[in-house]
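Chemist: Have a look at this one before I ask anything.
The values are calculated or read from the model by the stated rules, or taken from the named source; none is laboratory data. Worth saying up front: this structure is predicted, and the values here are computed from it rather than measured. All Cβ positions, even for glycine, are placed from backbone atoms using ideal geometry, and neighbour counts span all protein chains on display.
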Amino acid sequence: MSIEFDALTKSYRKGRTALHPLTLAIPPGCAVALLGRNGAGKTTAIQLLLDLLPATGGAARIFGVPSISLKPEHRQKIGYVSENQHLPDWLRVEEFLRFLKPMYPRWDDALTARLLKMFALPMDRKLSALSRGQRMKAAVLGALCYRPEVLVMDEPFSGLDTLVREELLDALVDFLSGGQCTMLLSSHDLNEVERLADTIAILEEGRLGVHGPVDELLSRAREVSFLTGTALPASPPPADWWNISSRSGGVTFTARDGADEAALTAAIRQYWPDAHSLSLRAPGLTRFYVDCLRRLEAGGGPLGHSTSNSTSQPRDTAA
């Protein structure tokens, strides 16, 4: 595996647990997005993976090597970009690239030239004088030019304007299309997730909830709507019916596992016998994720187990 979390935990003083035992395996070529509300544990997981924080228990590994034992030859194959990226502000862009190049044997001059042309960075300007968008372009440039085998990104495009985000996304999509890089992305932006990731892992209060390939999760789920004169059922509906809402004689919810539409329809009529004008369709990622979060906010309890035994699948590069 390129990335492994093995019962990884992090607790702080006064008993606060930021990350409960997290077990997740990411094979080479897979792109996984960590999702969840603020404070869910996404950044903590990334910092533990990169040995930026000490773990309380368990282990994180990259290339099969425990994070606490990573050597320079391993770190030369890891790229890291975050929203609070620290850059050597006293260097000009051209000096920044010359500073980095000797550290990475896999440095690709042709890729560097292509990215510089795409990003249109002013080579003679100090990093401290760049705009926020330009600084993030410089950070991404510095992380990609040596063609890392593992790329870790923590909210990389937070606060950037639309054009800069699209330029960075285009560059990353192009870079990842070769299928040679494994990516772990933390993001609140579902547009980024849809463009870059093939798998999602939703953290809830430091615990891994829903996890699996995006296509599989969405193809199994159903966005449900129907008309009824019956109020909300007195008995609790199934736990995987998320965000049940009743307005003006209509009911909507997302069924996490509704691929068997005949069985889902029969189950709905057990709770709403007069249900009619029934609509079942696969949801988009935004609807799926938002209903998942709303269920949590309503106190719906744990989201349940992952769909793929906590092991992600690599991208289909033939697509």
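Chemist: For Asn191, all conditions in the list (1) outside any helix (DSSP H, G or I); (2) modelled with pLDDT under 90; (3) not assigned by TED's automatic domain parsing to the domain that holds Ala259 hold save one; what is the number of the exception?
Modeler: (1)
Chemist: Let me ask you something else. Kindly provide the set of residues from the stretch 150-166 that are surrounded by fewer than 19 Cβ atoms within 10 Å (Cβ to Cβ) and not hydroxyl-bearing (Ser, Thr, Tyr), ordered by number. Walk me through how you get there before you give the answer.
Modeler: So in the stretch 150-166, the residues surrounded by fewer than 19 Cβ atoms within 10 Å (Cβ to Cβ) come out as 158-159, 161-164, 166.
Listed by number, the residues that qualify are Gly159, Asp161, Leu163, Val164, Glu166.
Chemist: Another question about this same structure. For His276, all conditions in the list (1) modelled with pLDDT of 90 or more; (2) within 27 Å of Gly41 (Cα to Cα); (3) in contact with a strand residue (DSSP E or B) (Cβ under 9 Å, 6 or more places away or on another chain) hold save one; what is the number of the exception?
Modeler: Here His276 clears every test but (2).
Chemist: Out of Ala7, Ala25, Ala60, which single residue is at pLDDT 90 or above, part of a strand (DSSP E or B) and on the phi > 0 side of the Ramachandran plot?
Modeler: Numbers: Ala25 fails: on the phi > 0 side of the Ramachandran plot; Ala60 fails: on the phi > 0 side of the Ramachandran plot.
Selected residue: Ala7, the only one of Ala7, Ala25, Ala60 that is at pLDDT 90 or above, part of a strand (DSSP E or B) and on the phi > 0 side of the Ramachandran plot.
Chemist: Looking at (1) within 23 Å of Thr182 (Cα to Cα); (2) at pLDDT 90 or above, which is the one condition that is false for Ser2?
Modeler: (2)
Chemist: Based on what the data block shows, is Thr199 surrounded by 13 or more Cβ atoms within 10 Å (Cβ to Cβ), in contact with a Phe, Trp or Tyr (Cβ under 8 Å, 6 or more places away or on another chain) and either touching a residue at least 40 places away in the same chain (Cβ under 8 Å) or polar (S, T, N, Q) (or both)? Give the steps one after another, and end with the answer.
Modeler: Numbers: surrounded by 13 or more Cβ atoms within 10 Å (Cβ to Cβ): yes; in contact with a Phe, Trp or Tyr (Cβ under 8 Å, 6 or more places away or on another chain): no; either touching a residue at least 40 places away in the same chain (Cβ under 8 Å) or polar (S, T, N, Q) (or both): yes.
No.
Chemist: Is it true that some residue in the stretch 36-56 is farther than 29 Å from Arg135 by Cα and outside any helix (DSSP H, G or I)? Please lay out each step first, then the result.
Modeler: Filtering the stretch 36-56 for residues farther than 29 Å from Arg135 by Cα gives 55-56.
Pick out the ones that are also outside any helix (DSSP H, G or I) and you get 55-56.
For the stretch 36-56, residues farther than 29 Å from Arg135 by Cα and outside any helix (DSSP H, G or I): present.
Chemist: Looking only at the stretch 64-85, decide whether some residue is in contact with a His (Cβ under 9 Å, 6 or more places away or on another chain), assigned by TED's automatic domain parsing to the domain that holds Val210 and not aromatic (Phe, Trp, Tyr).
Modeler: Quick first cut of the stretch 64-85, residues in contact with a His (Cβ under 9 Å, 6 or more places away or on another chain) only: 65.
Of the ones still in play, those that are also assigned by TED's automatic domain parsing to the domain that holds Val210 are 65.
Now narrow it down to the ones that are not aromatic (Phe, Trp, Tyr): 65.
Yes, some residue in the stretch 64-85 is in contact with a His (Cβ under 9 Å, 6 or more places away or on another chain), assigned by TED's automatic domain parsing to the domain that holds Val210 and not aromatic (Phe, Trp, Tyr).
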